[in-house]
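The values are calculated or read from the model by the stated rules, or taken from the named source; none is laboratory data. Nothing here was measured: the structure is a model prediction, and the numbers come from that model. Positions of Cβ are backbone-derived with ideal geometry, glycine not excepted, and every protein chain shown enters the neighbour counts. Heavy atoms of the whole protein, side chains included, go into the accessibility calculation; ligands, DNA and RNA do not. Shrake-Rupley method; radii C 1.70, N 1.55, O 1.52, S 1.80 Å.
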Amino acid sequence: MKAAVVKETAPGERRVALVPEAVARLRPAGIDVLVESGAGDGAWLTDAAYADVGATIVSSAELYRSADVILTVTKPSAAMVAQLRPGQAIVGMLAPLTDPELAAALAAQGVTAISLDGLPRTLSRTQPMDALSSQSNVAGYKAALVAATAFGRFFPMLITAAGTARPAKVLVLGTGVAGLQAIGTARRLGAVVSGYDVRPSSKTEVESLGATFVELTSVGDAAGQGGYARELTTDERQAQQDELTGHIARHDVVITTAQVPGRRPPLLVTEDAIKAMAPGSVIVDMGASALGGNVAGSRPSETIITGNGITIIGADNLPATVPAAASAAYSRNIAALLLHLISDGVLAIDTGDEIQAGVVITHGGRVVHEGVASLVAERSAPAPGPPVASPSEPFADPRENLYADPREDSYTDPQEDVTQVLPDLFARPEEDLFSEPQAELPPTGGGTGVDDTSN
């Protein structure tokens, strides 16, 4: 079987689906690896590095013509889908709950789509395959560094001849994998850290990292199935927001991590909370997306400075900014999943298997994942009531205008421009956080939402 690694084309994406060290793991299972020329450039992995371990470097056209399985990090573009042929398989983080139309297109093309973000994370044997956790680890780490870079004062307490600088007060909202990593990194940078989650069981995890757990009296136990948080009711969300406002105002830095796959992230930091914060405060919204974010006014991939001097960073794809470490971790995840799916050198699709039931989205010309199939049916069904927007208009959603109020923004610029002015003192490309097998964190979900991942 031939598995092919494509060069990612999404804006700002620097990760690669497979690193050279994984090639040796796949060959004994009868998998020959093809690599599109330049696929590893964003993560500083040369074509020669792949060739040295036995991979074959090919052009884009040859890759789609010869490969049995296409390996990718993010979901394929329309141009990629057009090049896929019936019987091929594509494996990546395809976000089918967010984009069920892509699943429908792949099914129509006769392509088997396998998405790592559908992995049942509560099974202990899926931990080596858990790309959501590995990428959330990277994202939480980088979120703390982004916050420290944007913050105009020190994170640690410093006692110098010029006086004493107090430590920064950091609040992390949502203590799943990303939140716990953000807490740990902020603590290592010397900040005084607090964490909040709607699941009381998170208190022990937060305190084990040396942080203080914020307990709200207005929201009861919101633990859901499998260690994840359930979605709050409307009344619970309002009570949560009102009580959180006071805590947020007392902190210098806020990092939010809550996401709900395929749906708008919960709003945790309201306009009132932002107005109550001190000038110079920083908010890093890891939940920022096209559907909205955890922070009022946040926009994905943008940094905004409000009229009262609060920096809001829409950090929607932080793993791509740590491409070497993120690619090394993701490569282990996708290789582990491939080895689970292979039998006698070929893909053996069996949706009766509990792992495959979660990750196999399309097969045999139809959408086989129950949840995605329901979304596809809903989108394709005629809408009752008034006439819907014409097909040329984007998918209508009442949430799209929630953040279109520029009155408080005195400055708006892409995130990259701000971070260039404030260099990242902590980024050292020679360090690989995953050079050894990573310690797996508990399969906790997204605290204040349902999940806490960045893609």
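Scanning the range 326-346 for residues that are in contact with a Ser or Thr (Cβ under 7 Å, 6 or more places away or on another chain) and of a type in the set (A, V, I, L, M) gives a single hit, A329.
Yes or no, residue by residue, for (1) open to solvent by 30 Å² or more (accessible area, probe 1.4 Å); (2) touching a Cys at 6+ places or on another chain (Cβ under 7 Å); (3) over 16 Å from V198 (Cβ atoms); (4) touching a residue at least 60 places away in the same chain (Cβ under 8 Å):
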| residue | (1), (2), (3), (4) |
| --- | --- |
| E243 | yes, no, no, no |
| A249 | yes, no, yes, no |
| V253 | no, no, yes, yes |
| T257 | no, no, no, yes |
| V260 | no, no, no, yes |
| P265 | no, no, no, yes |
| A273 | no, no, yes, no |
| V282 | no, no, yes, yes |
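Regarding the range 341-352, can at least one residue be identified that is of a type in the set (A, V, I, L, M, F, W, C) and within 25 Å of V138 (Cα to Cα)?
As a first pass, look at the range 341-352 and keep what is of a type in the set (A, V, I, L, M, F, W, C): 341-342, 346-349.
Right, trim to within 25 Å of V138 (Cα to Cα) and you get none.
Scanning the range 341-352 turns up no residue that is of a type in the set (A, V, I, L, M, F, W, C) and within 25 Å of V138 (Cα to Cα).
Would it be correct to say that S289 is small (G, A, S) and at pLDDT below 95?
Details: small (G, A, S): yes; at pLDDT below 95: yes.
Considered against the rule, which asks whether it is small (G, A, S) and at pLDDT below 95, S289 comes out as yes.
Within the range 233-248, being modelled with pLDDT under 95 and in contact with a helix residue (DSSP H, G or I) (Cβ under 6 Å, 6 or more places away or on another chain) holds for one residue alone: T245. Go through the residues of the range 368-377 one by one and say whether even a single one is part of a loop (DSSP other than H, G, I, E, B), surrounded by 18 or more Cβ atoms within 10 Å (Cβ to Cβ) and touching a strand residue (DSSP E or B) at 6+ places or on another chain (Cβ under 8 Å). Yes: the range 368-377 contains one or more residues that are part of a loop (DSSP other than H, G, I, E, B), surrounded by 18 or more Cβ atoms within 10 Å (Cβ to Cβ) and touching a strand residue (DSSP E or B) at 6+ places or on another chain (Cβ under 8 Å).
Considering only the range 47-81, state which residues are part of a loop (DSSP other than H, G, I, E, B), β-branched (V, I, T) and under 15 Å from V33 (Cβ atoms).
Scanning the range 47-81 gives V53, T72.
Please verify whether the range 115-128 includes one or more residues that are in a helix (DSSP H, G or I) and open to solvent by less than 10 Å² (accessible area, probe 1.4 Å).
Within the range 115-128, the first condition is being in a helix (DSSP H, G or I), and the residues that meet it are 116-118, 124-128.
From what is left, the residues that are open to solvent by less than 10 Å² (accessible area, probe 1.4 Å) are 116, 126.
Among the residues of the range 115-128, at least one is in a helix (DSSP H, G or I) and open to solvent by less than 10 Å² (accessible area, probe 1.4 Å), which makes the answer yes.
For R85, indicate whether it is in a loop (DSSP other than H, G, I, E, B), of a type in the set (D, E, K, R), open to solvent by 10 Å² or more (accessible area, probe 1.4 Å) and at negative phi. In short, yes.
Determine, yes or no, whether M277 is touching a strand residue (DSSP E or B) at 6+ places or on another chain (Cβ under 9 Å), closer than 28 Å to P120 by Cα and modelled with pLDDT of 95 or more. Spell out how you get there, then give the answer.
Details: touching a strand residue (DSSP E or B) at 6+ places or on another chain (Cβ under 9 Å): yes; closer than 28 Å to P120 by Cα: no; modelled with pLDDT of 95 or more: yes.
No, not satisfied.
The single condition among (1) over 26 Å from H340 (Cα atoms); (2) open to solvent by 50 Å² or more (accessible area, probe 1.4 Å) that G42 does not meet is (2).
Restricting the range 69-109 to residues that are in contact with a Gly (Cβ under 8 Å, 6 or more places away or on another chain) and charged (D, E, K, R) leaves a set whose member that is nearest to E8 (Cα to Cα) is K75. If you go through the range 284-302 and keep only what is of a type outside the set (A, V, I, L, M, F, W, C) and touching a Pro at 6+ places or on another chain (Cβ under 7 Å), you end up with G287, S289, G292, G293, N294, S301, E302.
Within the range 1-39, being open to solvent by less than 10 Å² (accessible area, probe 1.4 Å) and either among the aromatic types (F, W, Y) or not in a loop (DSSP other than H, G, I, E, B) (or both) holds for A3, A4, V5, A22, V23, L26, V33, V35.
Taken over the range 245-293, the residue count meeting the criterion of being in a strand (DSSP E or B), of a type in the set (D, E, K, R) and more than 15 Å from A150 (Cα to Cα) is 1.
Considering every residue within the range 157-170, establish whether at least one is farther than 27 Å from T98 by Cβ and open to solvent by less than 10 Å² (accessible area, probe 1.4 Å). Walk me through it before giving the result.
Of all residues in the range 157-170, those farther than 27 Å from T98 by Cβ come to 157-170.
When the remaining residues are screened for being open to solvent by less than 10 Å² (accessible area, probe 1.4 Å), the result is 168, 170.
The answer is yes, given that some residue of the range 157-170 is farther than 27 Å from T98 by Cβ and open to solvent by less than 10 Å² (accessible area, probe 1.4 Å).
The residues listed here are A150, A161, A139; of these, the one that is under 16 Å from H251 (Cα atoms) and among the hydrophobic types (A, V, I, L, M, F, W, C) is A150.
Among the residues of the range 336-365, those that are open to solvent by less than 40 Å² (accessible area, probe 1.4 Å) and either touching a Leu at 6+ places or on another chain (Cβ under 6 Å) or closer than 17 Å to L106 by Cβ (or both) comprise L341, Q356, G358, V359, V360, I361, T362. Candidates are the residues of the range 197-223 that are assigned to a strand (DSSP E or B) and at pLDDT 95 or above; the one that is surrounded by the most Cβ atoms within 10 Å (Cβ to Cβ) is F213. When we screen T112, T72 for residues that are open to solvent by less than 20 Å² (accessible area, probe 1.4 Å), touching an Asp or Glu at 6+ places or on another chain (Cβ under 8 Å), modelled with pLDDT of 95 or more and among the polar types (S, T, N, Q), the only hit is T72.
Going through (1) farther than 24 Å from A290 by Cβ; (2) among the hydroxyl-bearing types (S, T, Y); (3) within 14 Å of the chain's Cα centre (by Cα) one by one, S124 falls short only on (3).
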